[in-house]
Amino acid sequence: MSSGANNRPTYARITGTGSYLPGEPVSNPDLVARGIDTSDEWIIERTGIRYRHFVASDETTGAMAKIASERALAMAGLDAGELDLIVLATSTPDFVFPSTACLLQGALGNHGATVFDVQAVCSGFVYALAVADKFIRSGTHKKALVVGSDAFSNILDWQDRGTCVLFGDGAGAVVLEAAAAPGVLSSVLRADGAQADILSVPGQVRCGRVWGDPFLRMEGQAVFRNAVRVLVSVAEECCRAAGMETREIDWLIPHQANIRIIDATSRKMGLAREKVIVTVDRHGNTSAASVPLALDEAVRDGRIRKGQRVLLEGVGGGFTWGAVLFEF
C-alpha cells in the first residue's frame, strides 16, 4: 500500500538500537560452584557458551525491556510519546495480563499507541519486527518500538544440566520509522505446530495451582536438526524475496542458541564466519532478546554501517522460525 502526496511507497527503517543485560556475567565455573553437575569444558564444547546473565529476584521482563527501549529511543532521537506502535516479543511476560507491552508503554510514559505482545519464543523478535514493518508499510503507523525481552532463568529446571546451562536473560530493542527509502527489504515467517513437543514449557496455572510441568523442556538433537534446516531455508527464501542471494548480504545475525547451530547454518549458506555476528559465548541463549542484543552490539561497535544489508533470523519453540532482511 502506498501513501504520501506523490503516492510514493512507505518503507520502514531502523533508526535506533538498544540493549540491556542484567547483573554481572555468570561463568560456567560459577554454575558448577552452584552445584550443577557439569563442567566448563562440557558446556563450551557442546554450545560455545562461556557466560550468561540472570535477572535479580525483583527484576522483570518489562524492567529489562524499558532500559533497552530507552537506549534505542535515545539513539533514534525520539521521545517515547512520539511512538504510535509498540510490539514486544517475550515468552516470560510479567503477568498473564495485561501484556508486558502495556506495562512497558506505561513505564515509558506513552499514551494511546497500539501495543501488544508477540509470543514466538526465540523467533519472537523476528516475528515482532516483521509485524511492525507491515504496520508501517500500510501507512497507518509511523514510529514503532520493537522489543525482545526474556527472563528464562525463571523457567529453568536447575537440576537439568542439558537446559539450565544454555539460557540467559536480557532485552534488546529497535526503533522503526516510516521512510521514503527502503529499510526492511523482506521478511518471511513460518511455523510447524506438529513439532511443538520438542521445545516447550508444558504447564500452566489453573485456579492458583501449577498444572503440568512449569519448566523448559527440550529434545536437543531434534531441535538442532530442525534449526539448521529451517534457518538455511528461511534465509534463502527471505533473500530471494528481495532479489538477492544469501552470499550478497553483509551480515548475518542468527538466533544465538548454540555455536554449532550458528556454524552449521552459515556454512550451508556459504557465508564466511567473518560475516556472522556471534554473541552466544557471552550471553547464552536469551530467546527473543538474542537477535536484538547482537544487533545492538554490532551497531554500536561499528561493524554494521549505513548502507549495509543485514539478515536477521530466529528459530524457537512452536516450532517457529523466520527471517528479516534490511538495509541499515
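The values are calculated or read from the model by the stated rules, or taken from the named source; none is laboratory data. Every value quoted in this text rests on a predicted model; they were computed, and no experiment measured them. Cβ atoms come from the backbone with ideal geometry, glycine included; neighbour counts cover every protein chain shown. Surface areas here come from the heavy atoms of the whole protein model, side chains and all, with no ligands, DNA or RNA. Shrake-Rupley method; radii C 1.70, N 1.55, O 1.52, S 1.80 Å.
How many Å³ per residue does the convex hull of the Cα positions in the chain occupy?
Per-residue hull volume (Cα only) is 134 Å³.
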Contact order relative to length for the chain, counting C-alpha pairs under 8 Å separated by 6 or more residues, stands in percent at 25
What number comes out for accessible area per residue over the range 241-293 if the probe is 1.4 Å? Units Å², please. 35
Rg and Dmax [Cα atoms of the range 118-160; Å; Rg one decimal, Dmax integer]: 14.6, 50
Helix by helix, which DSSP H runs in the chain go 18 Å or more along their axis at the Cα atoms and have an average Kyte-Doolittle hydropathy of -0.5 or more? 61-76, 124-138, 220-241
For Cα pairs less than 8 Å apart in space and 6+ apart in sequence, what is the mean separation divided by the residue count of the range 1-128, i.e. the relative contact order in percent? 23
Extending each Cα 7 Å along its Cβ direction at ASP263 and ILE44, get the distance between those two points in nm, one decimal. 1.3
Quotient of Cα radius of gyration and Kirkwood radius for the range 80-124, i.e. Rg/Rh, equals 0.98
Once you put a point 7 Å from the Cα of ASP37 and another 7 Å from the Cα of GLU59, both along the Cβ direction, what distance in nm separates them? 3.0
With the 1.4 Å probe rolled over protein heavy atoms, the range 1-137 has an accessible area per residue in Å² of 45
Could you work out how far the C-alpha centroid of the range 291-310 sits from that of the range 178-232, in angstrom? 24
log10 of Debye I(q)/I(0), alpha-carbon scatterers only, for the range 212-328 at 0.10, 0.19, 0.20 Å⁻¹: -0.28, -0.99, -1.09
Under 12 Å from LYS275, Cα to Cα: aspartates and glutamates that are on another chain or at least 8 residues apart: GLU248, ASP250, ASP263
First compute the accessible area of the chain with a 1.4 Å probe, then give the percent of it belonging to carbon and sulfur atoms. 51
Among DSSP beta bridges lying fully in the range 155-314, give the percent that are antiparallel, nearest 5. 50
For the range 149-257, state the average projected area of the convex hull of the C-alpha atoms over all orientations, rounded to one decimal in nm². 10.1
Positive end of the dipole of the range 155-268, charges at C-beta (+1 Lys, Arg; -1 Asp, Glu), about the Cα centre: which of SER200, ALA181, HIS255 has its Cα farthest in that direction? SER200
Tell me the label-point distance for the pair ARG305, GLU24, using the 7 Å Cα-to-Cβ offset, in nm and rounded to one decimal. 3.8
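Looking at the P(r) of the range 2-144, how many percent of alpha-carbon pairs lie beyond 17 Å? The partial results should precede the final answer.
On the way: 6946 of 10153 pairs.
Percentage above 17 Å: 68.
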